[in-house]
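For reference, the structure is listed below as structure tokens.
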Amino acid sequence: MSRSKPRTAVLMGGVGGEREVSLKSGRAVAAALDRAGYDVIPFEVNQPSLEGLERHRPDAAFVALHGAFGEDGTAQLMLEEMGLPYTGSSPRASRLGMDKLASKRLFIRHAVPTADYLAIGPDQQEDAAAETLADFGYPVVCKPATGGSSLGVGLVRRPEALVNAVREARRHADVVLVERYVHGRELTVGVLDGRALPIIELVVENEFFDYSAKYEDGSTRYLTPVALLPTIYRKATDAALRAWRALGCRHMARVDMLYGYDGTLSVLEVNTIPGFTPRSLLPMAAAQDGIEFPDLCDRIVQAALRDAALARRRRLSA
């Protein structure tokens, strides 16, 4: 195949607990861009640094780094210092998306529906929240305020189980969120360049869509098109786009939410670098919209190049 498209580095791996998932995403993206006619540079990150990347002289970078360093804005800052166009959200939006507490506060400010929560700081005792949570009732969901792939997330059914759940979450982040549990259907809305993709419903055997359900459990089912009333479908896509705009995302993201059996919608989080593995949800939603995987990756790189060119023109005209 002739190579007429930009020389693109695919950043994968990283230094956190999501390294193996990132490697799978990166390899899939690299293969897809190769099929789309790109000159691809697979670039494996093994430390919190992009040292050596500039030697390859890429024209753009596809960021497939999940978790710490890749999804928290750090790698994005380094890429901006290099002057290298990159896929995904800005350093600020990436940092906000990675921080579930900061996201929650923005959701509330921008009228994005989300579950009630309590934040437990690094200096608070694990059992300090028990009395406050009495107003929530049980079960509750305990999760690290930063991180992804549902690592450290636990469903707490009884007050006496809360301390251990908070300790487990603290293995992944200093700040822990405890949310009111929403009993309902798990939905995810992919957003591609500001446009909502078809909604996917996740039907899992586990108690919730945890790491095992995402990457290991073959019994998880993905339903699309989803059986939702048109009014609820519109509310879900509207909530996803509100969350996208609240954080200031760009290029692509995935918005996870719950549709409670009581009729309420609750946005859980925005993933600014969603997975690109064979089991990943954004490519699945894009395929439902008629966008095959190589075309999806191509569109994302082209969006990054477009935005970099626009930013360059703005600087020149300032």
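Any read-out appearing in this document is the output of simple, stated calculations on the displayed coordinates, not a laboratory observation. As the structure is a computational prediction, the values presented were derived from the model and not from experiment.
Overview of values
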quantity	calculated
Residue of Ser103, Ser219, Ser25 that the Gaussian network model of the chain assigns the largest fluctuation, springs spanning Cα pairs under 10 Å	Ser219
Set of lysines near Lys235 by C-alpha distance (under 29 Å), chain-local residues within fewer than 8 positions excluded	Lys100, Lys104, Lys143, Lys214
Average Cα contact separation per residue, the chain, under 8 Å, 6 or more apart, as relative contact order %	19
Calculated [θ] (222 nm, deg cm²/dmol) that DSSP helices of n ≥ 4 give over the chain, each run adding -39,500 (n - 2.57)	-11000 deg cm²/dmol
